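The values are calculated or read from the model by the stated rules, or taken from the named source; none is laboratory data. None of the values given here were measured: they were computed from a predicted structure. Neighbour counts run over all protein chains shown; Cβ positions are idealised from the backbone, glycine included.
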Amino acid sequence: MSEIISNLTQTPATIPLVLPTTGAEAPAAIATQRVLHVINGEHYSGAERVQDLLALELPSLGYEVGFACLKADRFPTARHAQDAALFHVPMRWRFDLDCVDQLADLIRDENYAIVHAHTPRSVLMGSMAAKRAGVPLVYHVHSPTARDSTRRVRNFINAKLEGWSLRNAAHLITVSPSLEQLMRDQGFAAERVTYVANGVPALDVGQREQPSGTWTLGMAALFRPRKGVEVLLETLAALCSQGADVHLRAVGPFETPEYEHEVKQLAERLGISGAITWTGFVDDVPAELEQIDLFILPSLFGEGLPMVVLEAMAAGVPVVASHVEGVPEAIRHRQDGLLVEPASVSQLTLAIEEIMAGKSLDYATLSESAKLRHSKHFSTRAMATGVANVYQKLLNNK
């Protein structure tokens, strides 16, 4: 039997619902149901933030969330939903199937009505366990698995395993319309796929004005090759060589020590190490955004709907980002920020220079537009309501 790490406090049999002011309509009041989110656990990045925020919001919609953690590394201590039950179901190696029985026992013993997986590894385990326990499986598609990283063989294997696992999926949730279309193109019927935009909490921030003096550029990510940090470093070098008063605040951990060494060596070769602050992992992204004037996400590919972009919008920080996957669903070009072609140092440099110049684009207007768009379309309430509607549909059809 899996090891329980922390328990969710007892909840009443029925929870009254509060209708959201924006987004999808909330489901009708139902008896509280328990949903088990299967999570990798070694990182605390975009997908993990989604699960964490859902655990905080879904109880008010009638769903109690628990976590089954396959690799109890970063997530157990970084999560904000500390009251949610978290079970350690360890995977000793990549294809360790012994934990399937543990997961199935956990689902039955704890009366979970739905299993919700978020990554190829978690859906491989979760799909088999859900089938054995006789409960429906929901899979959350956060990015295109076949092009999720620079490792082609790994992408191929993960995509094949994901496709095999999804034979047992009752429903798919995608975080962008492009991913919704991708899953339909892969043969999933339209009625089995629902687009639910990611959401982040609103922030109580005042009006931002165009900075004077040094501009702090910011990037927040789990730094890995597809995030394009090398493009940003070359852009920073170009800006500095032209006399721009800029500093980069790079927020987040590196995927591996080897990649960290490679990136920092590039910064040294470009002569910009002194213009960069590397923060490492932080658990208070809003506090970091207060120190940033312009948010940059130079991803090369593989994004769904990046949580960090939504967090920047909620903080009123204008965004310059690559035109990849779901990013244009959040950022409207020249309204909430600027979109550039991926891997283009020249376009990224010109976009940053245009906002800094403050002539054709008004900084304060971009800031207010981003905040308003977040509040209308990308709140945590709207995200949780969309997910709850999928849950209710599955339970009604059982």
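The criterion of at least 2 residues that are among the small types (Gly, Ala, Ser), surrounded by 22 or more Cβ atoms within 10 Å (Cβ to Cβ) and in contact with a strand residue (DSSP E or B) (Cβ under 7 Å, 6 or more places away or on another chain) is met, among strands (runs of 3 or more DSSP E) falling completely within the stretch 167-257, by 215-220.
Contact map, the stretch 301-312: residues that are on the phi > 0 side of the Ramachandran plot paired with residues that are of a type in the set (S, T, N, Q), Cβ distance under 8 Å, separation 6+ or inter-chain. Pairs shown: 302/143; 302/149.
Inside the stretch 4-121, counting only helices (runs of 4 or more DSSP H) that do not spill past its ends, which hold 2 or more residues that are surrounded by 19 or more Cβ atoms within 10 Å (Cβ to Cβ), over 23 Å from the mean Cα position of the chain (by Cα) and at pLDDT 90 or above? So that I can check it myself, show each step before the final result.
On the way: elements: 46-57, 75-78, 98-109.
Hits in the stretch 4-121: 98-109.
Would it be correct to say that residue 329 is acidic (Asp, Glu) and surrounded by fewer than 18 Cβ atoms within 10 Å (Cβ to Cβ)?
On the way: acidic (Asp, Glu): yes; surrounded by fewer than 18 Cβ atoms within 10 Å (Cβ to Cβ): no.
It is false that residue 329 is acidic (Asp, Glu) and surrounded by fewer than 18 Cβ atoms within 10 Å (Cβ to Cβ).
For the stretch 258-267, name all the residues that are of a type outside the set (A, V, I, L, M) and either crowded, with 21+ Cβ neighbours inside 10 Å or in contact with a Cys (Cβ under 9 Å, 6 or more places away or on another chain) (or both).
Step one: list which residues in the stretch 258-267 are of a type outside the set (A, V, I, L, M), which gives 258-262, 264-265.
None - no residue of the stretch 258-267 is of a type outside the set (A, V, I, L, M) and either crowded, with 21+ Cβ neighbours inside 10 Å or in contact with a Cys (Cβ under 9 Å, 6 or more places away or on another chain) (or both), so the list stays empty.
Is at least one residue of the stretch 135-156 small (Gly, Ala, Ser) and buried (at least 22 other Cβ atoms within 10 Å of the Cβ)?
yes
Selection of first residues in the stretch 204-216 that are free of Cβ contacts under 8 Å to residues at least 60 places away in the same chain and of second residues that are of a type outside the set (S, T, N, Q), restricted to Cβ pairs under 9 Å at least 6 apart or on distinct chains, gives the following pairs, ordered by first then second residue: 206/316; 213/245; 214/245; 214/246; 214/247; 214/293. Taking the stretch 328-398 and the helices (runs of 4 or more DSSP H) fully enclosed by it, the elements with 2 or more residues that are outside the structural domain of residue 35 (by TED's automatic domain parsing) and either within 30 Å of residue 235 (Cβ to Cβ) or of a type in the set (Ser, Thr, Tyr) (or both) are at 345-357, 363-377. Given the condition at pLDDT below 95 and assigned to a loop (DSSP other than H, G, I, E, B), answer yes or no: does some residue in the stretch 270-282 qualify? There is at least one residue in the stretch 270-282 that is at pLDDT below 95 and assigned to a loop (DSSP other than H, G, I, E, B). For the condition outside the structural domain of residue 346 (by TED's automatic domain parsing), within 30 Å of residue 267 (Cα to Cα) and of a type in the set (D, E, K, R), residue 154 qualifies. Residue 194 falls short on exactly one of the conditions (1) more than 28 Å from residue 77 (Cβ to Cβ); (2) without any contact (Cβ under 8 Å) to a residue 40 or more places away in the chain, and that condition is (2). If you go through the stretch 336-362 and keep only what is at pLDDT below 95 and closer than 21 Å to residue 195 by Cβ, you end up with just 336.
Would you mind stating whether residue 377 is surrounded by fewer than 23 Cβ atoms within 10 Å (Cβ to Cβ) and in contact (Cβ under 8 Å) with a residue 40 or more places away in the chain? Before you say what the answer is, go through the steps one by one.
Working: surrounded by fewer than 23 Cβ atoms within 10 Å (Cβ to Cβ): yes; in contact (Cβ under 8 Å) with a residue 40 or more places away in the chain: yes.
Yes: the conditions hold for residue 377.
Among residues of the stretch 242-259 that are under 15 Å from residue 225 (Cα atoms), those with a beta-carbon under 8 Å from a residue that is among the aromatic types (Phe, Trp, Tyr) and crowded, with 16+ Cβ neighbours inside 10 Å at least six positions away or on a different chain give the pairs 250/223; 250/278; 252/223; 253/223; 254/223; 255/223; 259/223.
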